[in-house]
Structure formats: structure tokens, C-alpha cells
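What follows is a set of notes on a single structure, which appears directly below.
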Amino acid sequence: MAALPQPPEWEPVLGTLVCAGAPEPHPDRELIERRAAELALQPLRWPGSWPVDSQLAMLVATYCKRVGRGVAFSLAAFRQEFAGGRDLADRDTVLIAAAACELHPAAVLGAMKRRSVGGSLQQASARARLAGVRSLPAIQIGSRVFEGDAAIDGASRALEEER
């Protein structure tokens, strides 16, 4: 697997808005587990319901991006979900992930209620959809969108071509 030659800007989006109209995803857990093993990742511990309703986690991720903790929060949240087997639709799970990147629960709870945070998440999701994103994860380089497991390889090649 390639690595991107430069750090990407991470943008939280709602998969339900971005991928609206796309076929309903039916994640193949065995395929995902094999891919994780190929990448030498720890074994996955699946949450009780997956895929989960990610709106709560994405609201917090949007706030975290604003305060410079977006990537740290996403890593902590995915650890909770796939290493801890916890549901990211659960408020306490999201607060634990936020605390892991040094955010106070009161600040996070307040941010979840702000219209500006929800509006930013809706706008980012709409921009992704307009850009042509139909599945996640996705990486956009200029007007080109790379999706799925091969997104990093495709985006890396596109950035090298631009050099």
C-alpha cells in the first residue's frame, strides 16, 4: 500500500448523506478482517451493531476538527469502535474518544448542540456528494475522487503525477 506524499485535509462527512442513492452497503466482515491482517493490524472487535449510525460521532469529529483535534479524535473513535467493540452511536463511547484526545466532556456536549457544528457537517457532506463521492473512505485530489480500499494508492499516484 502506498502512502500519500503529503498530509491530507481530513473532513468529517455523513455517509448517509454522501452515499444517498448508492446501493445499501453490506460490509463483508471476513474481507475486512483479512485486509486488516494483511496490513498487520490488530484483530478487529466488532461493535454490536455495525455499520452504526455515525451522526453523533461525526458531529463531534466536526467540532474536533475546528479545535485542531480532528485526526486524534478519529483515531480514538475508531479504536473505541474496532478495538473496543463499542458503538459510536453511543454518547458515552464518543465522549471517551474525545477525552482520549484531551477534550472536556462539557465542551463536547455543548458542541454537539451547536447549529454551526451541525451546519458545517451538513455542508461538508453536501460538498463531498457534489464532488462525486459515493462511498467512504474517499480522497479527493482536485476534481478526481478515489474511494474504498484503493483510495490511498490512487490518490498517491495522482499526486505524484501532479509533481
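Any idea which of A40, A3, A61 is touching a Phe, Trp or Tyr at 6+ places or on another chain (Cβ under 6 Å) and within 30 Å of R157 (Cβ to Cβ)? Only one candidate passes the filter, namely A61. Applying a threshold of 8 Å to beta carbon distances and a minimum spacing of six or more residues, or different chains, the list of pairs starting in segment 37-62 at a residue that is in the same structural domain as A77 (by TED's automatic domain parsing) and modelled with pLDDT of 90 or more and ending at one that is β-branched (V, I, T) and assigned to a loop (DSSP other than H, G, I, E, B) reads M58/V13. Within segment 113-131, being more than 15 Å from G15 (Cβ to Cβ) and under 17 Å from the mean Cα position of the chain (by Cα) holds for V117, G118, S120, Q123. Among the residues of segment 76-117, write down those that are of a type in the set (G, A, S) and part of a helix (DSSP H, G or I). The answer is A76, A77, A83, A97, A98, A99, A100, A106, A107, G110, A111, S116.
On the basis of being in contact with an Asp or Glu (Cβ under 8 Å, 6 or more places away or on another chain), among the hydroxyl-bearing types (S, T, Y) and closer than 23 Å to A3 by Cβ, does S49 make the cut? Considered against the rule, which asks whether it is in contact with an Asp or Glu (Cβ under 8 Å, 6 or more places away or on another chain), among the hydroxyl-bearing types (S, T, Y) and closer than 23 Å to A3 by Cβ, S49 comes out as no.
Table: residues versus (1) modelled with pLDDT of 95 or more; (2) polar (S, T, N, Q); (3) under 25 Å from S49 (Cα atoms).
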residue: A77; (1), (2), (3): yes, no, yes
residue: Q80; (1), (2), (3): yes, yes, yes
residue: L88; (1), (2), (3): no, no, yes
residue: D92; (1), (2), (3): yes, no, yes
residue: A97; (1), (2), (3): yes, no, yes
residue: A100; (1), (2), (3): yes, no, yes
residue: A106; (1), (2), (3): yes, no, no
residue: V117; (1), (2), (3): yes, no, no
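Can we say F73 is assigned by TED's automatic domain parsing to the domain that holds A36, at pLDDT below 95, within 15 Å of the chain's Cα centre (by Cα) and assigned to a helix (DSSP H, G or I)? So F73 fails the test.
Hey, does segment 89-100 have a residue that's farther than 19 Å from W10 by Cα, in the same structural domain as P47 (by TED's automatic domain parsing) and acidic (D, E)? So far as segment 89-100 goes, yes, one or more of its residues are farther than 19 Å from W10 by Cα, in the same structural domain as P47 (by TED's automatic domain parsing) and acidic (D, E).
Only a single criterion out of (1) surrounded by fewer than 16 Cβ atoms within 10 Å (Cβ to Cβ); (2) over 22 Å from T16 (Cβ atoms); (3) within 16 Å of the chain's Cα centre (by Cα) is not satisfied by Q42, namely (3).
The values are calculated or read from the model by the stated rules, or taken from the named source; none is laboratory data. Here the structure is a predicted model, which is why all the values come from computation and not from measurement. Every residue, glycine among them, receives a Cβ derived from its backbone with ideal geometry; neighbour counts consider all protein chains shown.
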